[in-house]
1. Sequence gap at least 6, Cα distance under 8 Å: using those rules, report the relative contact order of region 80-137 to the nearest whole percent.
2. Roughly how many nanometres apart are two label points built 7 Å out from the Cα toward the Cβ at residue 83 and residue 128?
3. Can you put 75, 105 in order of Cβ neighbours within 10 angstrom, beginning with the fewest?
4. Quick one: if you stick a label point 7 Å off each Cα along the C-beta vector at residue 55 and residue 148, how many nm between them?
Amino acid sequence: MLTIVNKELRKGAINMQPIGTVIAKENGKASVHLVRPTACDSCHACTLGTVDGAAITVLADDPLGVAVGDRVELYFAPTQGIRAALNVYIVPLLALFLGYAVLSYLALPGGALTPALGSIAICIASFSLLRLREKVWENDPDLRPRIQAVVQSAGD
């Protein structure tokens, strides 16, 4: 089944790459307005969990030099969603559990409440560290969407 879908994807029979309209350009990047189609209900790669049919604006690399009003196809790296999920969900969850384990092991006064509150504080601190790393990730080309094709020019 997976092989059939992959062959159809390569042939272009199924296109799961999001298509949107360029609404602004700036420094080699373009703001692309996307409306998630119903075929993508279970994916959430481009919307990161927004409600069905929701419109979003994505800042994408523009190697093609598109114009405002062009309809473009975006490419999201397959690892993009996995890395984002690891950073946003797994790192804080690990911080929570490891914080509790370490603080329990230290046997601080206050019984079970001290490790529980301490692990929550460590989890919140991990979110703060992730927020500080956000600027670095914004500059990582592997984590940004890229315009891969112009579907329809603004002049057409």
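Laboratory data are not the source of any read-out in this text; all were calculated from the coordinates shown. Since the structure is predicted, the reported quantities are computational estimates derived from the model, not experimental observations. FYI the Cβ positions are ideal-geometry reconstructions off the backbone, even for glycines, and counts take in every protein chain you see.
1. Details: 38 pairs, mean separation 22.8, N = 58.
About 39 percent, as a whole number.
2. Taking the two extended label points, one gets 2.6 nm.
3. Values: 75 16, 105 9.
In order of increasing Cβ crowding within 10 Å: 105, 75.
4. 2.5
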